[in-house]
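The values are calculated or read from the model by the stated rules, or taken from the named source; none is laboratory data. Only a predicted model underlies this, so the values are computations on that prediction, with no experimental measurement involved. Quick reminder, even Gly has a Cβ in these numbers, built from the backbone with ideal geometry, and neighbours come from all protein chains shown.
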Amino acid sequence: MIASAQTLEKLSFGRVQEALAKRTQTSFGTVAASRLQPGMGPQEVEASLERIQEILTGGDLSLGGVEEITPLLERLRAGELAQGTELLEIAYTLDTAAQVKRGILASERPELSKLAQQMSSFDGVLRTVREQLAPDGSVRDDATPKLREIRRRLNPLRGRIRERMQALLERYSEFIQDPIVTLRRDRFVIPVKASSQSRVPGIALDTSDSGATVFVEPQSVVPLNNELALLEFEERDEVRRILIALGQRLSTAPGIDETLELLGHLDLAQAAAALARDWGLARPQFTAEKRVRLQGAFHPLVEGCVPNDISLDGEKRLLIITGPNAGGKTVLLKTLGLAALMGSAGLFVAASAKSAPLLPRFSQLLVDIGDEQSIEASLSTYAGHLVNLKRIAEESTGDVLVLIDELGSGTDPDEGAALSQAILEQVLRSGALGLVTTHLAPLKVFASEVAGVENAAMKFDVDQLKPTYRLEVGQPGRSYALAIARRMGLGEELLGRASELLGPESERLESLLEQLEKGRDELREELGQAQADRERALEEARLLREQIDRLRESEAQLLAQAAERADEMLQDTLEQATRLRRRATSDPEARSSALEELQQLRRGARKQAQAARPARPTAQLKPGATVHVESYQAQGPILEMRGDQVLVQLGLLKVEVPRRDVRLVKGENEADRKGRTLEPIGSSGFDDELNLRGARVEEGLESLRDFIYEAHALKVERVRILHGKGTGALRDAVRNYLRDERLVERYEDAVPYEGGHGVTVAYLRL
């Protein structure tokens, strides 16, 4: 993404760099943070995002022990001498890099490992440093054979000199100022009283500040001091040569600069992960589509920023945002702009992680935000804006993000609106995406009439005289100038005059916007209530399904118990029948009575079995059979079998339901259609519909009487009697009974679509 330095400044990208720099652990990471820029290639961006993710999920990186050694390396490469402690700083940094490399490779983090694998190994030079330098930075005695030989000779020589000097102190004790051996000009001397200098043969090398003491190199020690000076010179020369050679080897070690740069990249990745954790950032996803989706987007540098959803796509390319000043319009523009910059720089963006932020790969970011007045260039504020708008109009393409703040401000409203609309039309034709803020009413109309543009507004609480900072998409915003003035107590006379000057068109527009806002708020409340009702209905349906499941389970248990009772009864009957057969065989006189008892037993057993066992349909599910549909609590004939699904006619409605959701109505087969009544169903145990079709008049009236009495006892107000049309005999008998029955208030034909003359609806006295 191309973004000018001015754009980066307007969108506060430098403050993001500063926040990253504060979270780095090394100077190399700080440099990497300062150099970070948007516009990475797609692969580089994805690699950066993945490294951040690996640190967030796999643990932080520790880069302690990495020192700022770049200036020291430059000195060494220039041939300067470095102290042993300085060389150790370089060695420790390279050793830390090796430890970091090993740790990353062992952690199985692919993208971080790709960086670590590029880091060089410095085992050889680090071994040399350990061999030649002590932990305090001094050169070891055995650093080289020559140094080892020099220091082997130095220590005994210093011992002989001290012995000789100690003997001279004793010999000339009366002329000695202090009985000590000291050094002057790197040579061993003894302190002699100035008044006795001539009594001690030797060379005077120095005097005390008071002049009372003369430091004399005894004549007998001069050859030894000369030998010591020569050896010390050779030692210094060898140490210097060792340090220079070691410095050159360290500073020119293959891959050292690349390794230090990679350490900076690793440090930047861990700083970016810390920033994502501290600011609550989310990993963006990039799409080839022309689409922006940021849910819960916020400006990370604005404390307490209210999150908003920002959405742009091929159909909604430009969002025209209106509303009162200080309502959050500019912050919203900067929120999107900074998100685009951070994503293009391989950073997480300020949006909710619940829905992955979605961004296209913008090639350029064009902005016009803030006061562009320039004294040096002799440009007014409006002229400064025009410079930016000219560039936006000329450079906008389909993969460009456009951000324009206060479009059309700073000039005549009519002319500003006309020019602004022309610029927006040009941006639309280019296919660019963008956000535009304005106060101009004609642009609100433009947004409502032109495809690809949509109105939006920053909400304002008139009652509290406070902005909500909430973005509302779909309708333009109001300025609230008169409303705020009224709330602030401005006189009605002044407000009335202001309305007159505003003009009827503007007044109607404000009134219309107010009505739209109220209507939208009401719809939002209704939607919320509807959603709440839906959730309650779903919960009730769930509870009902659980109840049905429990009832079915209970039904299965009852069926099992009934079957068990029927089997017991059958067994008892068989035993009685066996006894009767034996009596009829053994006693001829009792044969007739035994046979009669046996027949009675069979009839009784049959009735008991029918009473003990629940009624089961004798016919299979097939077209024409009447079934009860549990989910609709209604019944009707089967129209068609469709595998595991059944097509059922419920009144005028045809429904397709699972086989498990239907059951045959008792007696709904041709064999036992006659003389039966519909079994009570439903949660109350009573069905308000009696099916008498096919029954004889006497049986039908008997069933009807029981049905009416049961309905009245249960306080059922309305019932249906299905008698069919046929010859009319059953219908007439039913209605004659209903007319004379004191429990019935009135009766009538059902409506045509519910059966018409074939169904009688009766209303009971309760």
Here are GLY255, GLY247: which of them is under 30 Å from LEU20 (Cα atoms), among the small types (Gly, Ala, Ser) and touching a residue at least 40 places away in the same chain (Cβ under 8 Å)? GLY255
So which residues in the stretch 439-457 are closer than 15 Å to LEU333 by Cβ and touching a strand residue (DSSP E or B) at 6+ places or on another chain (Cβ under 6 Å)? ALA456, ALA457
Which ones in the stretch 142-174 are surrounded by 15 or more Cβ atoms within 10 Å (Cβ to Cβ) and either under 14 Å from TYR92 (Cα atoms) or touching a Lys or Arg at 6+ places or on another chain (Cβ under 9 Å) (or both)? THR144, LEU147, TYR172
Options GLY296, GLY327, GLY304, GLY314; residue that is assigned by TED's automatic domain parsing to the domain that holds GLY474, in a loop (DSSP other than H, G, I, E, B) and touching a Pro at 6+ places or on another chain (Cβ under 6 Å): GLY327
Expected single match for among the small types (Gly, Ala, Ser), at positive phi, loosely packed, with under 11 Cβ neighbours inside 10 Å and at pLDDT below 65 among GLY489, GLY503 is GLY503
Select from the stretch 5-16 the residues that are surrounded by fewer than 18 Cβ atoms within 10 Å (Cβ to Cβ) and over 12 Å from ILE369 (Cβ atoms) and list them in ascending order. ALA5, GLY14, ARG15
Residue list for the stretch 419-448, restricted to those being surrounded by fewer than 17 Cβ atoms within 10 Å (Cβ to Cβ), at pLDDT 90 or above and out of contact with any helix residue (DSSP H, G or I) (no Cβ under 6 Å at 6 or more places or on another chain): LEU419, ALA422, GLU425, ARG429, GLY431
LEU319 over 17 Å from the mean Cα position of the chain (by Cα) and either part of a strand (DSSP E or B) or small (Gly, Ala, Ser) (or both): yes
Exactly one condition in (1) assigned by TED's automatic domain parsing to the domain that holds THR93; (2) more than 20 Å from the chain's Cα centre (by Cα); (3) surrounded by 15 or more Cβ atoms within 10 Å (Cβ to Cβ); (4) not small (Gly, Ala, Ser) is false for LEU246; which is it? (1)
For the stretch 106-132, the count of residues that are under 19 Å from GLY264 (Cβ atoms) and in a helix (DSSP H, G or I) equals 7
Whether any residue in the stretch 121-142 is basic (Lys, Arg) and under 53 Å from the mean Cα position of the chain (by Cα) is what I want to check. yes
Within the stretch 11-59, count every residue that is under 24 Å from PRO360 (Cα atoms), among the basic types (Lys, Arg) and either in contact with a strand residue (DSSP E or B) (Cβ under 6 Å, 6 or more places away or on another chain) or assigned to a loop (DSSP other than H, G, I, E, B) (or both). 0
Which ones in the stretch 33-92 are of a type in the set (Val, Ile, Thr) and under 30 Å from VAL239 (Cβ atoms)? VAL66, ILE69, THR70, THR85, ILE90
Take the residues in the stretch 682-693 that are in contact with a helix residue (DSSP H, G or I) (Cβ under 9 Å, 6 or more places away or on another chain) and surrounded by fewer than 22 Cβ atoms within 10 Å (Cβ to Cβ); name whichever of them is modelled with the highest pLDDT. ASP688
Here is a list: LEU294, LEU266. Which entry is modelled with pLDDT of 95 or more, under 30 Å from ASP399 (Cβ atoms) and buried (at least 22 other Cβ atoms within 10 Å of the Cβ)? LEU294
Can you name the number of the only condition in (1) in contact (Cβ under 8 Å) with a residue 40 or more places away in the chain; (2) within 19 Å of LYS329 (Cα to Cα); (3) surrounded by 18 or more Cβ atoms within 10 Å (Cβ to Cβ) that VAL473 fails? (3)
For the stretch 710-764, name all the residues that are under 13 Å from LEU690 (Cα atoms), exposed (fewer than 15 other Cβ atoms within 10 Å of the Cβ) and in contact with a helix residue (DSSP H, G or I) (Cβ under 8 Å, 6 or more places away or on another chain). none
Counted residues in the stretch 719-766 being assigned to a helix (DSSP H, G or I) and of a type in the set (A, V, I, L, M) come to 5
